[in-house]
Amino acid sequence: MTKSLCILTALALLAACDKDADSGVQIPAAKTNFEVSLPGALETYGVEDPQAAGQITPYYDNVTVYLVDAGGNATYYVWTNDEIKAKQKRFEQITEPAQVLVIVNSGSAILPTGTVPLSELTAAMMKSSVVDHNQIARTLAVEDANGNAAGTYNSVQQVMLAGEQSVFTTETSDDGHTLKKASVELSSIVSRFEIGTVKKGTGLDALTVEAVYVNNFLNFNGGALNSTIQNYNEITWPATFTPAWATDSYNAAVTSATGTKAYAYQVFSGNVVPHIIYKVSGTVSAGYKLADGTGDADNPTPFTGKYITVKGFRESGTLLSATEPHKIYKLGLEDGGIEITPDKITDKPEKAKIDLIVAVSVADWTVA
């Protein structure tokens with residue numbers, strides 16, 4: 001099993017990979033009291049307002065912990081509302097586990113209960129749907145039973161998080177028994193794209209965004225071998241684009257100026273790198289033509305319903321061949337947006353003979 005596959009199926013697979021290297025005889029462990037604790041927030045340089053650095057406070061819908069023994073068997077425990085609120089779960093007098101796995105916001109993935117091999121948990125994680133990671137904003141009028149504070153939680157705050165820990169600290173006992181603690185750091189299992197705007201380059205008198213789409217992405221977790229891929233081309237592009245979360249109409253609040261918003265989408269990481277498509281209108285300058293021939297030698301020519309397809313990304317000059325989980329990919333959010341020339345504007349999206357590669361900056365979605 002490769003390290004990249006471990007990453008794609010989140011921290012649950014890391015345990016499986018670690019197990020591949022361990023073939024020793026199991027030794028019974030001593031009984032201990034045991035606590036599992038979670039961080040309160042995740043930090044990022046980009047939030048729903050990507051120009052403003054700050055914290056992403058996760059929305060905790062549900063929390064599951066698996067205690068993994070030396071043989072790679074994972075035992076399921078669900079957290080109560082009070083435990084989620086306290087960000088901590090305690091076990092009394094159990095056999096010390098070899099590893100702890102925590103999954104937050106399982107979404108449509110049906111996690112196995114009881115005691116199961118890690119391979120079964122891995123298979124369940126692979127059924128996480130991309131829809132789960134692009135939820136509409138959720139607003140709470142008051143704090144809920146899980147301790148989520150009143151406020152609005154955007155899509156990035158509702159994604160599945162996962163974490164693992166195999167190093168435990170010994171804490172001060174409160175009842176005479178040994179007490180050990182696993183402090184688990186959580187990571188998103190998806191990548192995030194924050195998309196800004198475009199600007200007119202030489203040969204364009206005007207350029208306006210009409211809509212934005214994300215295409216060429218995995219529908220499920222686990223990589224291209226374990227998921228279908230949404231990849232419309234210029235022939236199959238639908239009259240009404242679906243799913244709804246993967247497209248946005250023009251929003252005047254999205255600019256490249258500090259404090260404005262971005263079109264934001266979460267996708268599963270791996271070597272299926274998403275495409276970003278802008279639907280645009282504008283005016284081509286006299287003497288220039290769009291890729292489909294729209295234009296006039298002597299007069300400016302208005303156009304509408306045309307497309308710009310971004311099929312690749314460069315970070316510091318290096319072409320991205322894959323995306324990583326827990327990272328944010330930003331484009332068109334500085335210098336007025338992505339500069340576009342007429343030859344990059346086509347009559348249809350995803351034109352086979354037109355490639356546009358855009359520079360991106362990548363921010364680690366680090367743990368608080």
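The values are calculated or read from the model by the stated rules, or taken from the named source; none is laboratory data. Because the structure is a prediction, the values reported are computed rather than measured. Note that each Cβ is placed from the backbone with ideal geometry, even for glycine, and that neighbours are counted across all protein chains shown.
For the reader, a short list of remarks on this structure follows.
- Number of the condition not met by ILE308 [criteria: (1) part of a loop (DSSP other than H, G, I, E, B); (2) at pLDDT 90 or above; (3) touching a Ser or Thr at 6+ places or on another chain (Cβ under 8 Å); (4) not basic (Lys, Arg)]: (1)
- Condition met for PHE241 (farther than 30 Å from VAL68 by Cα, in a strand (DSSP E or B) and among the aromatic types (Phe, Trp, Tyr)): no
- Of the numbered criteria (1) under 24 Å from PHE268 (Cβ atoms); (2) surrounded by 14 or more Cβ atoms within 10 Å (Cβ to Cβ), the one ILE136 fails is (2).
- Flag for LEU118 being in contact with a Leu (Cβ under 9 Å, 6 or more places away or on another chain) and surrounded by 13 or more Cβ atoms within 10 Å (Cβ to Cβ): yes
- Condition check for ILE345: in the same structural domain as TYR213 (by the TED database) and at pLDDT below 95: no
- Output for region 271-304, where each listed residue is surrounded by fewer than 17 Cβ atoms within 10 Å (Cβ to Cβ), of a type outside the set (Val, Ile, Thr) and not in a loop (DSSP other than H, G, I, E, B): SER281, PRO302
- Some residue of region 17-28 being modelled with pLDDT of 90 or more and within 29 Å of ALA224 (Cβ to Cβ): no
- Some residue of region 153-166 being more than 21 Å from the chain's Cα centre (by Cα) and under 19 Å from VAL102 (Cβ atoms): yes
- Residues being more than 27 Å from the chain's Cα centre (by Cα) and either under 26 Å from TYR232 (Cα atoms) or surrounded by fewer than 22 Cβ atoms within 10 Å (Cβ to Cβ) (or both) - total across region 200-217: 8
- Restricting attention to region 55-95, the residues that are acidic (Asp, Glu) and buried (at least 19 other Cβ atoms within 10 Å of the Cβ) add up to 1.
- Boolean, TYR329 is in contact with a Pro (Cβ under 7 Å, 6 or more places away or on another chain), part of a strand (DSSP E or B) and surrounded by 18 or more Cβ atoms within 10 Å (Cβ to Cβ): no
- Residue within region 259-270 that is more than 17 Å from the chain's Cα centre (by Cα), modelled with pLDDT under 95 and not in a loop (DSSP other than H, G, I, E, B) present: yes
- Of all the residues in region 63-108, those that are at negative phi, in a loop (DSSP other than H, G, I, E, B) and without any contact (Cβ under 8 Å) to a residue 60 or more places away in the chain number 7.
- Yes/no for VAL159 being assigned by the TED database to the domain that holds ASP82, touching a strand residue (DSSP E or B) at 6+ places or on another chain (Cβ under 6 Å) and under 26 Å from ALA322 (Cα atoms): yes
- Scanning region 154-186 for residues that are of a type in the set (Ser, Thr, Tyr) and either crowded, with 22+ Cβ neighbours inside 10 Å or in contact with a Ser or Thr (Cβ under 6 Å, 6 or more places away or on another chain) (or both) returns THR178, SER183.
- Pairs are defined by a Cβ separation below 8 Å, a sequence spacing of at least 6 or placement on different chains, a first member in region 171-184 that is over 13 Å from LYS89 (Cβ atoms), and a second member that is basic (Lys, Arg) and loosely packed, with under 11 Cβ neighbours inside 10 Å; no pair meets this definition.
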